[in-house]
Amino acid sequence: MIEEQLKAIPPETGVYIFKDSKGQVLYVGKAVNLRSRVRSYFQPSSRSSLKARLLAEKVASVEFILTQNEVEALVLECNLIKRYRPPFNIRLRDDKQYPYIKITWHETFPRILVTRRMEQDGSLYFGPYTSTSALHQTMDLIRKIFPYATCSDPSPGKRVRPCLYYDIGRCVGPCTGEVSPEEYRAMVEQIILFLKGRTEEIIAELRAKMEEAASALAFEKAAAIRDQIFALEKISQHQRVVSPSLEDKDFIAYARSEEEACVQVFFVRNGKLVGREYFLLEGAELEEGQILGSFLKLFYQKAAFIPPEVIIPEGLEEATVIEEWLTSRRGGEVKLRLPRDEAESELLRMASHNAAETLEALRENREREKKRGMEALAELEETLDLPRLPVRIECYDVSHIQGKWATGSMVVFVNGSPRKGLYRRFRIKEVEGIDDYAMLKEVLERRFRRYLEARDSELRLAASDEPWPHRPDLVLVDGGKGQLGVALKVLEELGIEDIPVAALAKREEEIFVPGSEEPVKLPQGSKALSLLQRIRDEAHRFAISYHHELARKETLSASLEAIPEIGPKRRRALLEHFGSLEALRKATVEEIASVPGITPKLALRIKEFLQEAESSAN
């Protein structure tokens, strides 16, 4: 079958997609000559790498998409990798939506927000940030220097009197008209300059305002501006000057191990080193020549700002096409280049050293976590008299409000660490009303029926991201004797006898096990108890998050059902795009019209309907 497909591939530019026998995407790549590139994977001479050998073994079908040029192929490749997250492509580890700082510049009184979605909505974005703590520290710092409003709508007339933040000098009070739109936007412009690293420009502007205020005998205002200048000067002193030409550049270097690579990005703005972020990469095999190119595509696909120069440690085979792509994204020329002088070389070495140190620190942390986890598992095995070390623990919980939006969760810990790719969520289908025991019974029956079905089938040999065929060493349920009894009954009825079960009750943190009237109580500080609590709490969090998601979607769906023009297909599209009624209410007509199947006229109708409904409710 593969041979026939290979014959049909033309010698043209485009993207190729490898799939397995189940239709799952294994790998996405691009090529100037598709026929030559795809055929190379199936030549004996090209199977020297682990990646090529594994791909050749698993590929069941090949698809291709022709493009006009190589840049178009690169864009399509990036989008497909983002969509399918193929296991054989290099990808960002934990590639959730990284957070950004968003400034709604198109609004009369711009808001400064944290968001995980970057859209073409007229707002300005800064990021992405890999550390949420660093992001919030930045937000706190901005707030101390520039007292912007944090309320959802700072427009005048929203409040009768200023809030506490105004009284303590942390807000300039736009909601009560204490500041004009022009003055407020001028302050937000300073925030934008600050985020761009242009502190000298802000300081110069503030000095002029301070002198103007002092000349007008407005000494209190002049003192407040003076404090802003001091704070900015303190920050500026800690920013290393690396380029006297006051240019914007990104310096990118990496370090790698067998399983992963760490890429460090240093951000130079206006000639100063203003920040850095690190990103972890993983893949079936991190091939030396592919790490840098893959990262550039992954990172700059999401970056809110692209500088005119990106300094890299080595040449790239596809440098020209990446430069063309970056230039089109930036709207101005972008060059990938090697360092030109000792100062640039030193900064790149520093980035490389930081990447290596980060990789080593993460490795040591994982070793410590693994050791702690194994000690906790050994303690658990002894305390609960388990037949074997509980390497794989599965925990189950249910969540609902008065029986509505009932959900169940399954979380999996292996060697004492969460395996989030193995988590599963259940929507309760068979139980009506309030019956926690029946809900837990449904979840456990569905999970372990899947286990029995998969145990003797081909799924037994499936990849590790398929949870159903695997037998847990311990089943943990959130609750007491009643929940323990439910779990034991389910396993008994299904004829499963070799899986230990325990229940962890919240109130006294007591552990209930079969055959014992009295609960087991582990001492506070016990590693085993700490692990069980962590697993139980994670199952609870996971169940609640799904419960809240269903509640939001049902509320939104119910609201949309009242609009005659909104059928099931359009309703589903709006649900998937916005996720909640609140998000849809805040959306502009243009944002609503961007959803597939929603015309501008219908978007306006939806917006008017939601505004009318909100007014009626108030």
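Just so you know, all these numbers are worked out from the coordinates, no wet-lab data involved. In this text, all values refer to a predicted model and were calculated from it rather than measured experimentally.
Cα-based values for region 2-89, radius of gyration first and Dmax second, are 12.2, 32 Å.
Of LYS144/LYS221; LYS196/LYS335; LYS441/LYS481, which pairs sit farther than 25 Å apart, going by alpha carbon to alpha carbon?
With Cα atoms farther than 25 Å apart: none of LYS144/LYS221; LYS196/LYS335; LYS441/LYS481.
Eigenvalues of the alpha-carbon gyration tensor of the chain, scaled by 5 and square-rooted, set the equivalent ellipsoid semi-axes at 45, 36, 28 angstrom, largest first.
Classify region 249-359 as rounded, prolate or oblate from the Cα gyration tensor: take a ≥ b ≥ c as the square roots of its eigenvalues, call it rounded if a/c is under 1.5, otherwise prolate when a/b beats b/c and oblate if not. Here region 249-359 falls in the oblate category. Mean sequence separation of contacting Cα pairs (under 8 Å, at least six apart), scaled by the length of the chain, corresponds to a relative contact order of 8 percent. Taking each residue as 0.36 nm, the span from ASN33 to ARG117 lengthens on full extension beyond its C-alpha to C-alpha distance by 26.7 nm. Using only helices, what value at 222 nm comes out for the chain when you add -39,500 (n - 2.57) per DSSP H run of length 4 or more and divide by the total residues, to the nearest 500 deg cm²/dmol? When only DSSP H runs of four or more count, the value is -14500 deg cm²/dmol. Legend: Rg and Dmax of region 100-241, from Cα coordinates, 15.4, 47 Å. Checking the cross-link pairs LYS82/LYS371; LYS297/LYS370; LYS297/LYS371; LYS22/LYS601; LYS272/LYS586; LYS82/LYS569 against a 30 Å limit on the alpha carbon distance flags LYS82/LYS371; LYS297/LYS370; LYS297/LYS371; LYS22/LYS601; LYS272/LYS586 as lying beyond it.
Per residue, the convex hull spanned by the alpha carbons of region 392-548 comes to 114 Å³.
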